[in-house]
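Report on one structure; see the data block that follows.
The values are calculated or read from the model by the stated rules, or taken from the named source; none is laboratory data. Note that this is a predicted model, so its numbers are computed, not measured. All Cβ positions, even for glycine, are placed from backbone atoms using ideal geometry, and neighbour counts span all protein chains on display. Surface areas here come from the heavy atoms of the whole protein model, side chains and all, with no ligands, DNA or RNA. Shrake-Rupley method; radii C 1.70, N 1.55, O 1.52, S 1.80 Å.
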Amino acid sequence: MSDKPVSIRDVAERAGVSPGTVSNVMNGSKPVNPALAARVREAARELGYQADRAGALLRTGKARIIAVLVPDLDNPFFTSIVSAVESCLSDQGYEIIVASSNGDEATEQSRLAAMLAWRPAGLVVIPCSDEFATRALIERTRIPYVVADRITRDPSADTVSVDNVNAGTIGAQHLLELGHRNILVAASVLSLGNIRERCAGIAETLARAGAPEPTFLEAGNHFERAAVRIFQWLEENPWPTAILALTNFTTLGALAALADRQISVPRPISLIGFDDYAWMRARATPLTAIRQPVPEIGAAIWARLKARIEGDTAPPAHIQLECSLKVRASTAPPSPQDGISTNAG
């Protein structure tokens, strides 16, 4: 067997096309008929062809790479965003590299510096804080970028997020319609603007209805921490008739705390989760959940980033998508005796 690397000409011969067509398909430099492109990719797969990314970087000064930086790769929401973006660019001739800041600003800066050194064609970033101090580092490179999910102060780039105020509103409205007035809101950290907006939507909805102000519990950004804090709160306070969780980790934390206290759902406590994953439907009591439109978020991110890569110089676009409520068995009207149990129970 020859040790010579597979070339574009080898792929072209296998697919029955010109080397230029192979280059256009593999690099996404020009549109190619979908059937023809599929034939080229199949030939490349059969031959084990790998595009020469280093050569492309030398020729153009930019790699056909999209860099994505998220706060936490353990968080399924962030990884689902990565997957949604990846599915959009998979046939565009780009590769994707991903890193996590671990929710730390110093780590965010070092990871961004490493990623930007590759001269990617574009960058997607979910900042670890509202300050987003590393924005200046990105802008000095003039690499196109999109800020997703956590929209920071004075955004000077394209942004894609959900309407977080409305997300809180639809959850609170559902509980009000069921008759709940004693509600615990399991937030993550209130230093994040998107979480504060969800809380504002809840508070405003309850106030308009003349309902008591909810209790806002800052439960933390990790499952274990959220489980402990919600458990402790239930130990020390009269139980609410409903819990409204504002992230997937606080949803899991609430479920764990309720299980540890042997409290059933939806009675005596109803539960609304945030984000909508398959496991939420697979439970014995499927969870009512506020769904973020992840595929649409990924598509919007890529549409804006691709436009910038291709030279769009229009003012920054700020795209907000709507969440939806998936009503299932974890929410129900409260019974007359619900909400009176205490840690003495």
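Of all the C-alpha pairs in the stretch 123-174, what % are more than 13 Å from each other?
61
Based on DSSP H runs of at least 4 residues, each adding -39500 (n - 2.57), what is the mean residue ellipticity at 222 nm of the chain after dividing by all its residues, to the nearest 500 deg cm²/dmol?
For the chain, the value works out to -13500 deg cm²/dmol.
Normalise the Cα radius of gyration of the stretch 110-149 by 2.2 N^0.38 Å (N = residues in it) and let me know the number.
That works out to 1.07 for the stretch 110-149.
Based only on Cα atoms, what Rg/Rh ratio does the stretch 200-278 have, Rh being taken as Kirkwood's radius?
0.96
Can you tell me the 0 to 90 degree angle between the C-alpha axis of helix 193-208 and the longest principal axis of the chain, rounded to 10?
Approximately 40 degrees, to the nearest ten.
Give me the net charge of residue 223's neighbourhood, meaning all other residues with Cβ under 14 Å from the Cβ of residue 223; Lys, Arg count +1, Asp, Glu -1.
So the environment of residue 223 carries a net charge of -3.
At 0.36 nm per residue, minus the direct Cα-Cα distance, what do residue 317 and residue 96 gain on full extension? Give it in nm, one decimal, please.
Taking residue 317 through residue 96 to full extension adds about 77.3 nm, to one decimal.
Tell me the per residue accessible area of the chain using a 1.4 Å probe; a whole number in Å² is fine.
46
What order do 318, 180, 174 take when sorted by accessible area (1.4 Å probe), most exposed first?
Final ranking, largest accessible area leading: 318, 174, 180.
Taking 0.36 nm per residue of separation and subtracting the Cα-Cα distance, what length does fully extending residue 153 through residue 204 add?
16.1 nm
Working out 0.36 nm times the residue gap between residue 236 and residue 191, then minus their Cα-Cα distance, what length gain in nm do you get to one decimal?
The residue 236-residue 191 span can extend by a further 13.7 nm.
Per-residue accessible area for residue 39 at 1.4 Å probe radius, Å² rounded to 10?
Accessible area of residue 39: about 120 Å².
For the chain, what does the convex hull of the Cα positions come to per residue, in cubic angstrom?
Given the Cα convex hull of the chain, per-residue volume reads 165 Å³.
Sticking to Cα atoms, compute the Rg of the stretch 280-336 to one decimal and its Dmax as the biggest Cα-Cα distance, whole number, in Å.
Radius of gyration, then largest Cα-Cα span, for the stretch 280-336: 18.5, 62 Å.
Tell me whether the stretch 78-133 comes out rounded, prolate or oblate; compute the Cα gyration tensor, take square roots of the eigenvalues as a ≥ b ≥ c, and use a/c under 1.5 as the rounded threshold.
Verdict is oblate for the stretch 78-133.
Kindly give the semi-axes, whole Å and largest first, of the ellipsoid equivalent to the stretch 188-338, taking each as the square root of 5 times a Cα gyration tensor eigenvalue.
33, 17, 15
Quick one: how many Å² of residue 215 are accessible to a 1.4 Å probe, rounded to 10?
Taking all protein chains as shown, residue 215 has close to 60 Å².
Measure off 7 Å from each Cα along the Cα-to-Cβ vector at residue 260 and residue 284, then give the distance between these two points in nanometres to one decimal.
Those two pseudo-labels are separated by 2.0 nm.
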